Amino acid sequence: MTRVLVVDDDPVIADLVAFRLTRLGLDVSVETDGQAGLAAARQLRPDLVVLDWMMPRMNGLEMCAALRADADPELARTPVLLLTAKAQEPDLERGFAAGATDYIVKPFSPRELATRVTAALPPGSVSS
Amino acid sequence: MTPPAQAAAVGSLVLSGLVVLLLVAVALEHLLRTRRLAREAARRAELTPLVHALLDGESTAELAGAPALLDELVLDLLPQLRGADRSALQAVLLERGVVGRAADQLTARGAARRGRAALLLGNAASAEHTTPLVHLLSDRTAEVRSAAARALGKTGDPAAVGPLLAAVASRQGVPPGVVGMALLDLGTGVLPALRTALDAGRPVTQALAADLIGVHGDPAATDALIALVGDPGRDPDVRRSAAQALGRIGSPVATATLAAALRGSGERPLRGAAAEALGRIGDPAALDPLTAGLRSADADVRGACADALTLFGEPGRLRLAAHAVLCGPSGDAARSALDVLEFTRRPGRHAARA
């Protein structure tokens, strides 16, 4: 089963994203900060990470950069979708510079998020 | 024991008792609060799937009997969402009478109630409440006025643009930053009104309009902005905002006017903004005026010119290097910019064009 890791310190958002992705037939795990997210990524080896930017302990950009620099080449290539309220052009540049695969700005459309997740995963990964 | 000693002992005992009572009361309050929060979290957890199911297009028959906590859940989620999911949640608030009750509260006696109602209506994005929200822009309480401005921004109603711009300049006004964010929330539909505002109203409104046009990068406003920068009779803040906007729009059509503003005797912020804008635009025709600006008597202008030259790649670097060998302020500015250039190893955004 395709595994997705959602890392967001806002439980309202994390629950919603998890719900939406579960409906796609994905196996979803949730963490609430970058440090826990990085540890979970190393343990779970997800097929995709949905990542908030502004979080305690380790922010999303730091976690994304750490993933990209991981010694495990497969983990280092994991698609990362940044989901953030930081909407300025330089923010977007910083997000992609840190290694994000895609970038969604809050307020967001969960339907769009589901579409982008589907597009970032290998064909056949989602059930609908 | 003497009577005074007895009295002191009794007093101390009473005091200790009171302290113990206080500690027990605090502990009890903490316990009750923790239980209350746990109960609320459990009830939220029960209701959350209902909201999610709603977003998934499932039947909403259970919604009618759901407790008021559901409204809070929906209101927490609304600011994070857009598109069809946002519309679905707005419909829930409307159906459950939350929007109607908030509209009634817009005229409440308490400022906190009025402010909360305005914020709720903003989250619920009810364009039909634009008129009462506009009235709140002149509320006697500053927080309510700001709440109304933010709410109007979220309604998406273009009819709010005029009143929002007017609120910046009114006696009991709304801070330009708050109005600016609200106007940005309204999207690109506000651009025609902003272009009109460049030439109307008070300077603070014109400057805000120019700033927002710059953020949108609206090329249709280029000629009007050029006219503002080139008109020495205009307010200095308006001219500065117009110059910054031209830099963001990035059209070389503005180069000559910005170069003239840089060379002119205008106020320092205008000349600095003109230099920065020339750097952003990257027209090679700006290399000479920016290089001349390195010899400005004003340190800020010299710095802005040097920073702008770093954006031109090799041609800019060569101009800076030629000045860096000189003694005096222009050499200092050039050396400082070259240090930054070396540190960041910026290749120059306009290297290809220049």
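The values are calculated or read from the model by the stated rules, or taken from the named source; none is laboratory data. What you are looking at is a predicted structure, and each value in this text was computed from that prediction instead of being measured. Because the Cβ atoms are built from the backbone with ideal geometry, glycine has one as well, and the counts that use them run over all protein chains shown. To get the accessible areas, we keep the full protein, side chains included, count just its heavy atoms, and leave off ligands, DNA and RNA. Shrake-Rupley method; radii C 1.70, N 1.55, O 1.52, S 1.80 Å.
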- Note on the structure: Under 5 Å from the placed amide H of residue A:83, counting only residues 5+ away or on other chains, we find A:51, A:52, A:53, A:104
- With heavy atoms of protein chains only and a 1.4 Å probe, what residues of region A:95-109 have at least 10 Å² less accessible area in the full set of chains than alone? A:106, A:107, A:108, A:109
- Taking a ≥ b ≥ c as the square roots of the eigenvalues of the Cα gyration tensor of chain A, is the shape rounded (a/c under 1.5), prolate (a/b larger than b/c) or oblate? rounded
- Quick one: pull the percent of accessible area on region B:249-292 belonging to carbon and sulfur, 1.4 Å probe, ligands and nucleic acids left out. 51
- Query: Which percent of the accessible area of region B:63-152 is formed by carbon and sulfur heavy atoms (probe 1.4 angstrom)?
  - Reply: 53
- With the solvent-accessible surface defined on protein heavy atoms using a 1.4 Å probe, which residues belonging to region B:65-94 display a reduction of at least 50 Å² in accessible area in the multichain context relative to the isolated chain? B:80, B:82, B:85
- The set of residues whose placed amide H lies less than 5 Å from the amide H of residue A:58, leaving out same-chain residues fewer than 5 positions away, is A:34, A:35
- Euclidean distance of C-alpha centroids, region B:149-168 and region A:41-95, integer Å: 36
- Note on the structure: Contact-by-burial set, region A:23-49, min loss 50 Å², accessible area of protein heavy atoms with 1.4 Å probe, reference chain alone, gives A:23
- Whole-Å distance linking the alpha carbon centroid of region B:254-330 with that of region B:174-201 is 30
- Task: Run the 1.4 Å probe and let me know the accessible area of residue B:237, rounded to the nearest 10 Å².
- Result: 80
- Note on the structure: Expected vector for region B:278-294, Karplus 3J(HN,Hα) from phi with 6.51, -1.76, 1.60 and θ = phi - 60°, integer Hz, x for Gly and Pro, equals 4, x, 5, 5, x, 6, x, 5, 8, 4, 5, x, 5, 5, 4, x, 5
- Query: Leaving out ligands, DNA and RNA but keeping every protein chain, what accessible area does residue B:40 have, in Å² rounded to the nearest 10, with a 1.4 Å probe?
  - Reply: 70
- Task: Specify whether the C-alpha gyration tensor of region B:235-305 places it in the rounded, prolate or oblate class, a ≥ b ≥ c being the square roots of the eigenvalues: rounded for a/c under 1.5, otherwise prolate if a/b is larger than b/c and oblate if not.
- Result: oblate
- For region B:63-152, what is the convex hull volume of its Cα atoms per residue in Å³? 89
- Task: Using the Karplus curve 6.51 cos²θ - 1.76 cosθ + 1.60 with θ = phi - 60°, work out ³J(HN,Hα) for each residue of region B:6-11 in order, rounded to whole Hz, and write x for Gly and Pro.
- Result: 4, 4, 5, 5, 5, x
- Item | Surface per residue (accessible, 1.4 Å probe) for chain A, Å² | 45
- Item | Cα→Cβ-extended label distance, 7 Å offset, between residue B:253 and residue B:295, nm | 3.3
- Item | Point-charge dipole on Cβ atoms (K/R +1, D/E -1) for chain B, about Cα centre, debye to 20 | 580
- Tell me: how much accessible area in total is hidden between B and A, 1.4 Å probe, Å², nearest 100? 1400
- Query: To the nearest 500 deg cm²/dmol, what mean residue ellipticity at 222 nm is calculated for the protein assembly as shown from DSSP H runs of n ≥ 4 alone, each contributing -39,500 (n - 2.57), summed and divided by the residues?
  - Reply: -19500 deg cm²/dmol
- In Å², nearest 10: area of residue A:96 left accessible to a 1.4 Å probe: 90
- Item | FRET efficiency for residue A:69 and residue B:135, using Cβ-Cβ distance with R0 set to 35 Å, rounded to 0.05 | 0.05
- Query: Quick one: ranking B:253, B:168 by accessible area, 1.4 Å probe, largest first, what do you get?
  - Reply: B:253, B:168
- Task: Treating only the Cβ atoms of Lys and Arg (+1) and Asp and Glu (-1) as charged, compute the dipole magnitude of region B:63-152 about its Cα centre; round to the nearest 20 debye.
- Result: 320
- region B:133-150 - phi-based ³J(HN,Hα) in whole Hz, Karplus 6.51/-1.76/1.60, Gly and Pro as x: 5, 4, 4, 5, 5, 10, 4, 6, 9, 4, 5, 5, 4, 5, 4, 5, 5, 4
- Expressed per residue, the solvent accessible area of chain B in Å² (1.4 Å probe) is about 50
- Item | Estimated dipole of the protein assembly as shown in Debye, rounded to 20 [Cβ of Lys and Arg +1, of Asp and Glu -1, Cα centre] | 760
- Query: Ranked highest first by average number of other Cβ atoms within 10 Å, how do A:107-117, B:192-202 line up?
  - Reply: A:107-117, B:192-202
- Note on the protein assembly as shown: alpha-carbon gyration tensor, axes a ≥ b ≥ c; rule is a/c under 1.5 for rounded, else prolate if a/b larger than b/c, else oblate; result prolate
